[in-house]
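Any read-out appearing in this document is the output of simple, stated calculations on the displayed coordinates, not a laboratory observation. What you see is a predicted model; the values in this text were computed from it and never measured. Glycine gets a Cβ as well: all are built from the backbone with ideal geometry, and neighbour counts include every protein chain shown.
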Amino acid sequence: MSIVLEVHGMSCGHCVSAITAAVSPLAGVSAVDVDLAGATVTVAGTDDVAAVTAAIQDSGYDVGSAQSA
């Protein structure tokens with residue numbers, strides 16, 4: 001199971017590091033893939049959209065749509 005979130009405001013390696021550090025410790029997360037060009041974050045191992053969204057927003061980024069993959 002995984003989710004794909006549209007995330008706005010990402011532009012550099014720091015953004016990748018910040019989001020990865022915020023999401024990786026969440027329960028069940030096995031991988032985090034940040035695609036700067038596509039403005040998406042794919043999170044494997046969990047379907048808890050609310051927890052992932054909150055972690056990304058707490059890091060200072062805007063989360064748009066989310067979908068299960």
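Other residues whose C-beta falls under 13 angstrom from the C-beta of residue 23 contribute a net charge of -3, scoring Lys and Arg +1 and Asp and Glu -1. Between beta-carbons, use under 12 Å as the cut-off and find the net charge around residue 6, counting Lys and Arg +1, Asp and Glu -1. Taking every Cβ under 12 Å from that of residue 6, the sum is -2.
By the beta-carbon count within 10 Å of each Cβ, the least crowded to most crowded order of 49, 23, fewest first, is 49, 23. In order along the stretch 36-50, phi translates into HN-Hα couplings of 4, 5, x, 6, 10, 10, 9, 10, 9, x, 8, 10, 7, 4, 4 Hz, rounded to whole numbers, per the Karplus curve 6.51 cos²θ - 1.76 cosθ + 1.60 with θ = phi - 60° and x for Gly and Pro. Mean residue ellipticity at 222 nm, helices only, the chain: -9000 deg cm²/dmol; runs of at least 4 DSSP H residues each add -39,500 (n - 2.57), and the sum is divided by the number of residues. Mean projection of the Cα convex hull over all viewing directions, computed for the chain: 3.7 nm².
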